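A short write-up of the structure that comes next.
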Amino acid sequence: MPFIPAGDPVAGMPTADREVVTGLPPGIADSREELTPMLSQYADLCAAHEDALVLFQVGDFYEAFCEAAETVARVCEVTLTERSDSTGDYPMAGIPIDNAAPYLDALLEAGYRVAIGDQVEDAEQASGLVDRAVTEVITPGTLVEAELLESGTTNYVAAVARGARDREGSPPSTVGLAAVDVATGECLITAGDPGTIGEELNRIAPAELIAGPDAPAFEPADAERGWTDHAYDASAFDHGVARERLEPYVPAPERRFETDAELRAAGAVLAYAEYTQGDDGPLEYVSRIRRYDPRDHLRLDAAAQRSLELFENRGLGASDTLFDVLDRTNCALGRRRLNRWLRRPLVDVEAIRSRHDAVGELADRTLVREGIADALGTAYDLERLVGRISRGRADARDLRSLHATLTAVPDLQRILDGHDVDAAADVDSGASADAGSGASADVDSGVEGPRTDHLRDLRDRLDELVGVRELIDEAIATDPPQEITEGGVIREGFDDDLDELRRTERAGREWVADLEASERERTGIDSLSVGHNQVHGYYIEVTDANLDRVPDDYRRRQTLKNSERYYTPALKEREEEIVGAAERADALEYELFVDVRDRVAEETERIQALADALAELDALSSLATVAVEGDYVRPGLVDDPEMGIAIEGGRHPVVERTEESYVPNDADLPRGAVAVITGPNMSGKSTYMRSIALTAVLAQTGSFVPAQAAKLPVFDRLFTRVGASDDIAGGQSTFMREMSELTEILHDAGPDSLVLLDEVGRGTATTDGRAIARAAAEFVHDELSATTLFATHYHELTALAEDRERVFNLHFTATREDGEVTFLHRVVPGASSSSYGVEVAELAGVPAPVVDRSRELVAAESSGDGAADTGRPGTIEDAGDDPDDVSLREFLAEEDRAATDRRRSTDAEESMAGADDAADEPSPDHADEPSPGDAARPAAVVDELRELDLARMTPIEALNALHDLQRRLEGDADR
Ligand code: ADP
Ligand code: MG
């Protein structure tokens, strides 16, 4: 199906400033009739691929012409040359075919889709123009080139569609999502409301997204690792068209798919995948089309995925990610699987326990674990291999790689069965804390199979695929060349005809090899030699001095400076025999190879199933290795819906690796409780909260957890909000975003959710920030009953514990050691004192008078019940007008006196830094009578301040704007 661009020509173009040079270059569009046959062929391919940059094979290069050449030259940094023919001069730029990867990468990076126009006919055999066709369209989401794909990753292209004819029960707002990894054939399909689908998109993290007509716009949570939006033929999303496309993959698709939306998305994404693979029909290896419900996994909203740094380090703390910590896999299969698991932690208690069982067993059985690691170290990426085999793109080395992987299977079986393991040495390491469920030892016999159902099942799924293994071993040379058309690929003894041809070839070569000796003898010319060159083939060379002794049957072939070259009819005959046999043998080898590859391809599903088992085994043993080496413990899962989190000596899996002396902390959080966590900056609040969330994520992924003991409920959703100013690394954080993310929580969190609120409300002024924080905490507690951790620098929030049943306080403190302020990083019950900031100031060595004065002010403020803003002129006037507010009035009077005292005492102590500043601070009596001129100028600044569009500013812009305004105020004051 030809690619038809969507109606809006720039829709989905990744960058606005990109020149449009896809499709037919304007430079030849007008003169198509007059072009030479070759350029005309190029123009045809371009015209048929409107939204791609066509690379056109000319010999060993991929070339582009005219405007497209300029783009290729610029993006790939190659020289722009010129092609001149009878019809004119055309700019031309080319990239070498045998080293195309880096250039293709650059073009993809720049946002292009690249259509590969290959010569599909042997140039030597073509009469006239070589036939060319687009064999593949390379796009970010549909890569299959090994050089362009990162090992152990998944590379999805996703499609989203809205259904027009939803069945009963699914609201019309339902969005379908389908994602396919073209390299491995994995295909995921789901549907949900736009919010859910947005989350799923971030989880799947496709490289490329194509959207159907009317589909909502989705933004990646992290712009840096977002997807490329590409437009695609809108008709592919039609119900009927999509249905037809799906038929070869999923018989009776409308029965398999619950909503029209997902059927459309699935049909479109497969259409796109086929289009990029050269439109040769259905992709046979896309046989694992899996529908799933996002509710079957722990839902991590996009903000949580980002701020927990599961996969992407955002420079917020340690340099690693959780995935880095967990990844002790031994092959690409396992790495990809572990990645997928961590993206989708489970919610099914039994499934989680089953993984814990297996991890526990592998953690206990050191030799089994190490044996598995060794065996899997030789495994190749079967999922991608089988994709290449099925697409007919695999070479002989790929088949050998498959073979090498298959030979590891019997080893793995033996290891799992305990045969290769000295039972006595296989001591329990004791890493399993929850030994009661599952991992019961059965050590009667010296040799034992897997102890847990999970590993037993995996053991049974290890399919040796003997037939495939033997076929490859018999057919394919052990160290074959990359080229599959030039012989050396098929092993001797596999095919009689081939062997016969090779024998003929060999006999001919031997005959030639013997010729020199026999001819020397026959002619008596000792210096006679036999040689071969590309142009003339075999020859007999005789120096000029011996020409008189040349026999009659020698025919002259070539004259050199001091010698003549000859052939004889017998030599010529032999030569033809050799060349003919070699050519036929090469061709036959290719045929045989393709046949072997096709026979292997018939076992695609079994190979995929084996790949699945190997991937799981590797992922499990990675988790077991981490558990043993990281001193993790098996988490218990609580079934009682009342029970909450109980962690003893919990650690942050990533921070503990970089922090020299990590302080473990307990967590005791009943279901639905709200823990308000206070303490100075840098005292460990954020780390503590994240360590708890990560523990939950790890537990539900099937991993053991970094703690001494842990019991956790199974959460269904995990939310994380980080206050705007704490999230500057995100670059685009604004108060607006903070609030819209908070909105999501308040809508969606429930009793089975775990909610982390970190300094929420920080992105705005104190008064309303505090108000929002408090109101949010109350709502989470009263309405949502979500288990919540709330770190805040608003000390006032600690008061909630007094009037809310399930709210309690935790805090972090600091001490002074060797003259340095030290944060203990230890969480303790209760609220921090309201003046912890002052305490830290004292610890840091701020002079006593300032510390004392600060204490007074804090005390006054708390007794003044939150009237923290007394420094502002308006407040004082208001307070003065209110005869009822006695305490406030007293406070103000006292503050006045204190300020006067302070000035006196600082006059005496001249050495004290900052004394002048203290005196300059607007004291209430000054502020009481602002001069009219002073008031007018600030008013302008205030207006400007009010106009600032915070929602659209980055933190840096906001800082700059504030700085500006402040300077203006200072300028006014100077006048
Ligand atoms: P807060 O959120 O209170 O400002 P953080 O959680 O960001 O503090 O912690 C600040 C730093 O303190 C972290 O980057 C980490 O290096 C260190 N830290 C935090 N918790 C611990 C701990 N339990 N043990 C050791 N170091 C810790
Ligand atoms: Mg913090």
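Laboratory data are not the source of any read-out in this text; all were calculated from the coordinates shown. What you see is a predicted model, and the numbers here were worked out from it, not measured in a lab. Cβ sites come from the backbone with ideal geometry, for glycine too, and all protein chains shown count toward neighbours.
Using modelled amide H (1.01 Å from N, peptide plane; none on Pro or chain starts), what sits under 5 Å from the amide H of residue 136, excluding residues fewer than 5 places away?
116
Can you give me the long-range amide H partners of residue 54? Hydrogens built in the peptide plane at 1.01 Å from N, cutoff under 5 Å, separation of 5 or more residues or another chain.
23, 115
Along the positive direction of the dipole of region 33-90 (beta-carbon charges: Lys, Arg +1; Asp, Glu -1; about the Cα centre), which of 56, 86, 35 reaches farthest?
56
Rounding to the nearest 20 debye, state how big the charge dipole of region 235-276 is about its Cα centre with +1 on each Lys and Arg Cβ and -1 on each Asp and Glu Cβ. Don't jump to the answer; show the numbers that get you there.
Details: 5 positive and 8 negative charges, 12 e Å.
Roughly 60 debye, rounded to the nearest 20.
Using 1/(1 + (r/R0)^6) with R0 = 35 angstrom and r between the beta carbons of residue 510 and residue 555, what's the FRET efficiency to the nearest 0.05? Spell out each step's value before the answer.
Details: r = 23 Å, r/R0 = 0.65.
Working from the Cβ atoms, E equals 0.95.
Please list, in order along region 117-131, the HN-Hα scalar couplings obtained from phi with the Karplus expression 6.51 cos²θ - 1.76 cosθ + 1.60 (θ = phi - 60°), rounded to whole Hz, x for Gly and Pro.
x, 8, 6, 9, 9, 5, 4, 5, 8, 6, 9, x, 5, 6, 6
Lysines near residue 572 by alpha-carbon distance under 30 Å, same-chain residues fewer than 8 away left out - which ones?
561
Could you name the lysines in cross-link range of residue 711, using Cα to Cα under 26 Å and dropping any fewer than eight places away on the same chain?
685
Loop only by DSSP, 14 or fewer other Cβ within 10 Å of the Cβ. Give me the trypsin sites (Lys or Arg not before Pro) in region 558-656 that pass, ordered by residue number. Don't skip to the end; give the middle numbers.
Numbers: sites: 561, 565, 572, 574, 584, 597, 599, 606, 651; in loops: 561, 651.
Passing sites in region 558-656 are 561.
Short version: ³J(HN,Hα) in whole Hz for each residue of region 201-214, in order, from phi by Karplus 6.51 cos²θ - 1.76 cosθ + 1.60 (θ = phi - 60°), x for Gly and Pro, what are they?
4, 5, 6, 5, 6, x, 7, 8, 10, 10, 10, x, x, 6
With +1 on the Cβ of every Lys and Arg and -1 on the Cβ of every Asp and Glu, and nothing else charged, how large is the dipole of region 750-792 about its Cα centre, in debye rounded to the nearest 20? Present the calculation step by step, with values, prior to reporting the outcome.
On the way: 3 positive and 7 negative charges, 38 e Å.
Value, rounded to 20: 180 debye.
Whole-Hz Karplus ³J(HN,Hα) for region 409-415, in order, using 6.51 cos²θ - 1.76 cosθ + 1.60 and θ = phi - 60°, x for Gly and Pro?
5, x, 4, 4, 4, 4, 4
Determine, for each peptide in 843-856, 370-383, the mean count of other beta carbons within 10 angstrom over its residues, then list the peptides with the highest first.
Working: 843-856: 15.5, 370-383: 20.9.
The peptides rank, most packed first, as 370-383, 843-856.
What residues have an amide H closer than 5 Å to that of residue 671, excluding those fewer than 5 places away on the same chain, when H is modeled at 1.01 Å from N in the peptide plane?
Counting only residues 5 or more places away or on other chains, the set is 644, 645.
Would you work out the charge dipole size for region 477-530 about its Cα centre, treating the Cβ of every Lys and Arg as +1 and the Cβ of every Asp and Glu as -1, and quote it to the nearest 20 debye? Could the numbers behind the result be given before it?
Working: 7 positive and 16 negative charges, 39 e Å.
The calculated dipole for region 477-530 is roughly 180 debye.
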